[in-house]
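The values are calculated or read from the model by the stated rules, or taken from the named source; none is laboratory data. This is a predicted model, so every value here is computed, not measured. Glycine gets a Cβ as well: all are built from the backbone with ideal geometry, and neighbour counts include every protein chain shown. Side chains are part of the model used for accessible areas, which takes the heavy atoms of the whole protein and leaves out ligands, DNA and RNA. Shrake-Rupley method; radii C 1.70, N 1.55, O 1.52, S 1.80 Å.
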Amino acid sequence: MSRRSFGRRGGRSKSSDKVDLNLAAMLDMAFQLLTFFILTFRPAPTEGQLAVNIPTASHPQPAPVEPAAAPPQDPAGPVADVNPFETLTIHVDANEAGVPQRVRIGTRVVANNRWDEAAQAHLSRELRDALALGAFDRVQIIADGRLAYSDLVKTVEICTRQKLSDGSPLHKIAFVQRDNAVQRDELN
Amino acid sequence: MSGGNADSVEPNLTPMLDMVFQLVTFFMLVINFKGASMDLSLKLPVLSSARPVEWHGKKEPLVLNLKEDGSVTAFGSPIPDIEKFVVRETRVMRDYLKSEGATNLDEMPIPVIVRADGRAPFAQVNKVIKLCQNNGFRQFQLSAMSAAEAKAP
């Protein structure tokens, strides 16, 4: 810096040395940033998730028709299918509208022609009793392809609320799509 | 009549700048880039036990949006061939995980978030889940609205 400039600086009064920042440019940029954030702002609703571990299904093909499944079961009937995979099967048959028509745990019918809160509570109780046997560590939901996703997750929710016999939560839930023709034969 | 420069009125821009910066800060804090991967037109099912899952420090999940008619969208774009899309995404994720030193990638340590419309048929959802399973995914998050959120206006 030259001596002259020092001299000039020292010679001026305080008010004349005041440096005015040009805020207009900064304000322009801030407004542009603000416009960007306002335009890209999309408040997403807080949504939840059901965490499930979905192993590959033990029955890759549609499940075979179980002879004992067609008529409503007598109370003394078997509570659940025990298979070598330690998998408890839940069958969900749906109507044309995708609403569950009949729900079975193994061969035991737990909901027939209704899918209200009482039927869901009944399924929950039956599931709890079946899992208390200690023979299962996973559930396989064999569902009609027409079943609405909302009713599927309702069933999954009931499953994820259950505890296994060792106290750990049930997280292993597999899905199998059921052949509609098989279901029609069963319902008839 | 007053003369030019001496009488010019300059507004004090400092308070306005302060306010604008505060607004910018607010929008920066609430901006949600994850929202771009969500199709907000879907009518998710309502479940009482659905809880938000936090992903801090974890790998970003694969988010698939499934409409009522079975069509799939991801990051706002329709996916015409879901099989190709999942294979490609899996390959990218595997390469990334390998570069980070992961060895056993038969089972992907990354979850898939399935955001399906409540009216979508199970057959379509199952098709997507099976595709992901065939590519090594085992952990799934089924999205739903919590009951409290669904009641909110």
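A few remarks follow.
- Per-residue Karplus couplings for segment A:141-156, computed as 6.51 cos²θ - 1.76 cosθ + 1.60 with θ equal to phi - 60°, are listed in order as 9, 9, 10, 5, x, 7, 4, 5, 4, 4, 6, 5, 5, 5, 5, 4 Hz, Gly and Pro entered as x.
- Above 24 Å, the calculated P(r) of segment B:47-153 contains 28 percent of its Cα-Cα pairs.
- Once the partner protein chains are put back, segment B:9-55 shows a loss of at least 50 square angstrom of accessible area, versus the chain by itself, at B:Leu13, B:Leu17, B:Val20, B:Val24, B:Phe27, B:Ile31, B:Leu40, B:Leu47, B:Ser49 (probe 1.4 Å, ligands and nucleic acids excluded).
- Within straight-line cross-link reach of A:Lys172, aspartates and glutamates at Cα separation under 16 Å, skipping those fewer than 8 residues along the same chain: A:Glu86, A:Asp137, A:Glu157, B:Glu107
- B:Arg119 sits with roughly 120 Å² accessible to a 1.4 Å probe, with DNA, RNA and ligands left out of the calculation.
- Taking all protein chains as they are arranged and a probe of 1.4 Å, the heavy atoms of B:Cys132 leave approximately 0 Å² accessible to solvent.
- Note on A:Asn112/B:Arg119: beta-carbon distance plugged into 1/(1 + (r/R0)^6) with R0 of 25 Å gives a FRET efficiency of 0.60.
- Take the accessible area of B alone and of A alone, subtract that of the pair with a 1.4 Å probe, and the total buried over both chains is about 4300 Å².
- In this simple spin-label approximation, A:Ile38 and B:Ala147 carry label points 7 Å from Cα along the Cα→Cβ vector, and these lie 4.0 nm apart.
- Cα-projected label distance for B:Glu60 with B:Ala102, points at 7 Å along beta-carbon direction, nm: 1.4
- Share, in percent, of DSSP beta bridges within segment A:85-187 that are antiparallel, nearest 5: 45
- Computed E for A:Asp17/B:Asn32 - FRET, C-beta separation, R0 56 angstrom, nearest 0.05: 0.75
- Legend: distances between Cα atoms for A:Lys163/B:Lys67; A:Lys163/B:Lys43; B:Lys98/B:Lys127; A:Lys154/B:Lys43; A:Lys154/B:Lys59; A:Lys163/B:Lys127; pairs beyond 25 Å are A:Lys163/B:Lys67; A:Lys163/B:Lys43; B:Lys98/B:Lys127; A:Lys154/B:Lys59; A:Lys163/B:Lys127.
- Chain B: relative contact order in percent, alpha carbon pairs under 8 Å with at least 6 residues between: 30
- Of B:Ile31, B:Ile110, B:Ile129, the one that fluctuates the most in a GNM where chain B has Cα springs shorter than 10 Å: B:Ile31
- Under-5 Å amide H pairs with B:Ala50, H placed in peptide plane, nonlocal only: B:Ala147
- Exposure rank, largest accessible area first [A:His122, A:His171, A:His91; 1.4 Å]: A:His171, A:His122, A:His91
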